[in-house]
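The structure under discussion appears below in the form of structure tokens.
Please treat every number below as a calculation from the coordinates, not as lab data. Keep in mind that this is a model prediction, so the values were computed, not measured. As a convention, Cβ positions derive from the backbone with ideal geometry for all residues, glycine included, and neighbour counts pool all protein chains shown.
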Amino acid sequence: MKTQVVIIGGGPSGLLLAQLLHVQGISSVVLERKTKEYVLGRIRAGVLERGLLDLMREAGVSKRMDAEGFVHNGTLIAYDNKTFRIDFAQLTGNSVMVYGQTEVTRDLYAAREAAGGNIEFEVEDVEIHDVKSDAPFVTFQVGGENRRIECDFVAGCDGFHGVSRQSIPQEKRQEFEKTYPFGWLGILSETPPLDHELIYANSPRGFALCSMRNANLSRYYIQCPLSDKPEDWSDDAFWLELKRRIPAEQAAKLVTGPSIEKSIAPLRSFVCEPMQWGRLFLCGDAAHIVPPTGAKGLNTAASDVQYLYSALRQYYHENDTAGIDGYSEKALVRVWKAERFSWWFSSLLHSFPEQSEFDQKMQLSELEFLRTNESAQKAMAENYVGLPY
Ligand code: APR
Ligand code: PHB
């Protein structure tokens, strides 16, 4: 079998790339190791930057998103029992959209299926070959059958634990990593959100976030020790702790209820350089990870996809290799800016076990500066709504 681009990974990165290439008449095959149901079972945040909204519209997959997504023109930040608002619209002229990542993935699958897109599920033993040549190929197993696909390019969209990054020789890879000494305990509850916008809270007891999926489905997080397990936390204990970490006036309004999902996620910053090796290109979590604080995971995957899609369109339509030759260098500039913002916002809001009293004063002073300085708020807002591609 032959195709122009083999895409490894049927998550948001892989599917968005496949759909954008399809719109440009460029063929692809997506190889996904799980079932579609498994992929769609992943409950993940969706705070979409304007760049991703534009890509979804360019891919022709934005109808439900535009109908059901929630436009957020700002966010609330709470500390020292007070709350202030960052007005994205007033400061940047832009906003973000809250629309679950699972829904983005669902819409992309629907579009690929409607277009007769070629997606192989439950593939095993994917191996990438001859990417330093102009005729790479990918081998894999599906249903116990050995398969091989000849292609021009391979897009590694297979996430942090995928095979693509490992296919770049270790001695040619430089990996940068920071792990955070805490996790996020998150719950989903069929209760109305605390506010129509998100509330990010710094408190001496630790970070908290009040978010939502829709008018009757709320998502809450509290920072917790990495040694904790979800079963260590009863619903009552969670709600009590959350109320202790947000201002009293907010806690008084909180509508609690039984959790329908409860999980703990670790926080990590990670970048692999380079993001390409010959005709293999890494996109999304395959190349980088951010702590969820700044909601930059999906959005940085989207900018990778935009750079790669544009480069491949330039190659096939204009016979120009400038885009594919410069992909990694270009993508990494924006990746590192997303890493910086995610690290800054995480450092601002969380309690760190080794934090000295001076460090705590610095954190509160940074929050006070953000609350009272328009330039600081503008810088935060520009990062949150999404820096230019
Ligand atoms: N072969 C085929 N598919 C694979 C392999 C493999 N060897 N390894 C992993 N996969 C699949 C996974 O099953 C998953 O569906 O690749 C897909 C990768 O999807 P994600 O992990 O969601 O990564 P990405 O598409 O880059 O999306 C990034 O997802 O994890 C969040 O916070 C992250 O929002 C960000 C977004
Ligand atoms: C979420 O709703 O799950 C969410 C929102 C914003 C974040 C992280 C998670 O920064």
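Before anything else, pin down the relative contact order of region 44-149: Cα pairs under 8 Å, at least 6 apart, normalised by residue count, whole percent. Walk me through the intermediate numbers first.
Numbers: 125 pairs, mean separation 23.9, N = 106.
Reported as a whole number, the value is 23 percent.
Pick from Leu308, Leu91, Leu209: which is most flexible by mean-square fluctuation in a GNM of the chain where alpha carbon atoms under 10 Å apart are linked?
Leu91
Under 10 Å, Cα contacts only: if you run a Gaussian network model on the chain, which one of Ala114, Ala135, Ala78 comes out with the highest mean-square fluctuation?
Between Ala114, Ala135, Ala78, it is Ala114 that shows the largest mean-square fluctuation.
Under a 10 Å cutoff between Cα atoms, tell me which one of Glu49, Glu113, Glu190 has the largest fluctuation in the Gaussian network model of the chain.
Taking springs between Cα atoms under 10 Å, the residue moving most is Glu113.
Stokes-Einstein diffusion coefficient for the chain at 37 °C in a medium of 0.692 mPa s, Rh from the Kirkwood formula over Cα pairs: what value in µm²/s? Spell out each step's value before the answer.
Numbers: Rh = 21.8 Å.
Translational D for this selection: 151 µm²/s.
Please order Phe182, Phe270 by the number of other Cβ within 10 Å, starting at the fewest. Please report the intermediate quantities before stating the final value.
Numbers: Phe182 24, Phe270 16.
The order, fewest Cβ neighbours first, is Phe270, Phe182.
Just need the Rg to Rh number for region 128-191, please, alpha carbons only, Kirkwood Rh.
1.17
Output the relative contact order of region 109-195, whole-number percent, from Cα pairs under 8 angstrom with separation of 6+ residues. Don't skip to the end; give the middle numbers.
Working: 70 pairs, mean separation 14.3, N = 87.
Answer for region 109-195 is 16 percent.
Given 20 °C and 1.002 mPa s, compute D for region 159-281 with the Stokes-Einstein relation, Rh being the Kirkwood radius over Cα pairs; round to the nearest whole µm²/s. Show your work: numbers first, answer last.
Values: Rh = 16.6 Å.
The estimated diffusion coefficient comes to 129 µm²/s.
Quick one: dipole size for region 215-340, taken about the Cα centre, charges +1 on Lys/Arg Cβ and -1 on Asp/Glu Cβ, in debye to the nearest 20. If you can, show how the numbers build up before the last one.
Working: 15 positive and 16 negative charges, 63 e Å.
Approximately 300 debye in magnitude.
Using only the Cα atoms, work out Rg/Rh for region 32-116, with Rh taken as the Kirkwood radius, to two decimals. Display every interim value, and only then the final one.
Numbers: Rg = 15.9 Å, Rh = 14.6 Å.
Using only Cα positions, Rg/Rh for region 32-116 is 1.09.
Among residues other than Gln314 whose Cβ falls under 14 Å from its Cβ, what is the net charge (Lys/Arg +1, Asp/Glu -1)? Don't skip to the answer; put the middle values down first.
Details: positive: Arg313, Lys330; negative: Asp152, Glu318, Asp320, Asp325.
Here the count lands on -2.
Using a simple charge model, +1 on the beta-carbon of Lys and Arg, -1 on the beta-carbon of Asp and Glu, nothing else, what dipole does the chain show about its Cα centre, in debye to the nearest 20? List each step's numbers first, then the result.
Details: 41 positive and 52 negative charges, 98 e Å.
The dipole of the chain has a size of about 480 debye.
Tally Lys and Arg at +1 and Asp and Glu at -1 over the other residues with C-beta under 10 Å from the C-beta of Tyr99: what net charge comes out? If you can, show how the numbers build up before the last one.
Values: positive: Arg64, Arg213; negative: Asp66, Glu68, Glu103, Asp107.
Once all neighbours under 10 Å are counted, the net charge is -2.
Given the Cα atoms of region 9-72, and with Rh set as the inverse mean 1/r over their pairs in the Kirkwood sense, what is Rg to Rh to two decimals? Mind showing how you got there, number by number?
On the way: Rg = 12.9 Å, Rh = 13.1 Å.
Rg divided by Rh gives 0.98.
I'd like the orientation of helix 327-349 relative to the chain: the angle between its Cα long axis and the longest Cα principal axis, in ° from 0 to 90, rounded to 10.
Result, in degrees: 20.
Given a Förster distance of 25 Å, report the FRET efficiency between Ala252 and Asp87 from their Cβ-Cβ distance, rounded to the nearest 0.05.
On the way: r = 24 Å, r/R0 = 0.97.
So the FRET efficiency works out to roughly 0.55.
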